[in-house]
Amino acid sequence: MAQNIRHQIAKRISEELEEGQIVNLGIGIPTIVTEYLGDKEIYLQTENGLLGMGPPPTEDTLDIDLINAGKEPVTYLQGSSFFSSADSFALIRGGHVDVAVLGVLEVETSGQIANWAVPNQPILGVGGAMDLLTGAKKVIVAAPLFTKDGNSKLVQKLSYKTSGIRKVDLFVSDYAVFSFGDDGVKVVEITDNLSIEELSEKVGFALEYDKEKILEK
């Protein structure tokens with residue numbers, strides 16, 4: 001995947017985050033969101049026990065003992081809190097995380113997602129994905145819209161194992177931003193100069209705009 005696509009998606013997600021929120025960033029594209037927060041006062045949480053995670057370290061600030069849940073080196077901000085993994089999951093399960101940003105393999109038109117197991121591949125474990133999907137007040141998923149083989153990750157029925165029955169709120173991709181509600185998937189915006197008819201043709205089924213969210217913007 002082109003590096004600029006990853007950053008395009010991460011930058012768009014950063015626009016959804018609001019001052020003062022507690023946010024958990026998953027592995028992959030979500031970690032890049034930190035580069036686009038600017039001066040926003042966002043409290044980043046990681047499942048292994050840190051609230052107040054800072055930007056990626058420089059060579060001078062690198063501490064090999066300070067990592068996030070994805071085992072990537074991180075920094076921490078003044079006023080941060082360190083605690084056990086058990087307390088961290090209590091924070092998630094207790095509904096105290098405002099937004100979770102997760103990577104994703106597939107997104108069903110209903111809003112259910114699959115993001116932890118690929119058929120016939122070794123399973124490394126679900127990590128915190130199921131807890132975050134259930135416990136966070138808002139869930140945003142991030143991924144390119146198409147696989148390397150050209151298959152849409154937005155599907156009418158999941159082919160991978162579901163991560164839970166909870167619907168996500170937004171799917172931010174390189175082609176479009178999708179919202180999910182009781183009546184299924186809607187398009188919030190198209191980012192690749194396509195018409196909604198052309199986007200529908202690419203994913204393989206008819207799409208329509210989420211007029212309410214577009215008006216909010």
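General observations
- Ranking Val99, Ala10, Gly184 by how far each Cα lies toward the positive end of the dipole of the range 3-216 (charges on Cβ) leaves Gly184 at the top.
- Gaussian network model of the chain, springs between alpha carbon atoms under 10 Å - residue of Ile29, Ile42, Ile140 with greatest fluctuation: Ile42
- Between helix 3-14 and the chain: long-axis angle, C-alpha atoms, 0 to 90°, nearest 10: 80
- Under 5 Å, built H, 5+ apart or other chain: amide partners of Asn68: Val74
- Alpha-carbon centroid distance for the pair the range 43-93 / the range 128-149, whole angstrom: 20
- With θ taken as phi - 60° and the Karplus curve 6.51 cos²θ - 1.76 cosθ + 1.60 applied, the whole-hertz 3J(HN,Hα) list for the range 147-152 is 6, 4, 8, x, 7, 6 Hz, x standing for glycine and proline.
- Positive-end residue of Ile27, Phe82, Gly150, charge dipole of the chain with Cβ unit charges: Gly150
- Residue order, fewest to most surrounding Cβ atoms within 10 angstrom, among Thr46, Thr34: Thr34, Thr46
- The range 35-156 - share of DSSP beta bridges that are antiparallel (%, nearest 5): 55
- For Ile9, net neighbour charge (Lys/Arg +1, Asp/Glu -1) across residues whose Cβ lies under 14 Å away: -2
- Antiparallel content of DSSP bridges confined to the chain, in %, to 5: 50
- As a rough guide to protection, the peptides 204-212, 150-158 ranked by mean Cβ packing within 10 Å, highest first, stand as 150-158, 204-212.
- If you wrap the Cα atoms of the chain in a convex hull and average its projected area over all directions, you get 12.7 nm².
- Simple Cβ-charge dipole of the range 3-216, Lys/Arg +1 and Asp/Glu -1, about Cα centre, in debye nearest 20: 680
- Phi angles across the range 60-67 convert, under the Karplus curve 6.51 cos²θ - 1.76 cosθ + 1.60 with θ = phi - 60°, into 3J(HN,Hα) values of 6, 9, 5, 10, 5, 8, 10, 9 Hz, Gly and Pro given as x.
The numbers here are math on the coordinates, done by the rules we state, and not lab data. As the structure is a computational prediction, the values presented were derived from the model and not from experiment. Please note: Cβ atoms are built from the backbone with ideal geometry, for glycine as well, and neighbour counts cover all protein chains shown.
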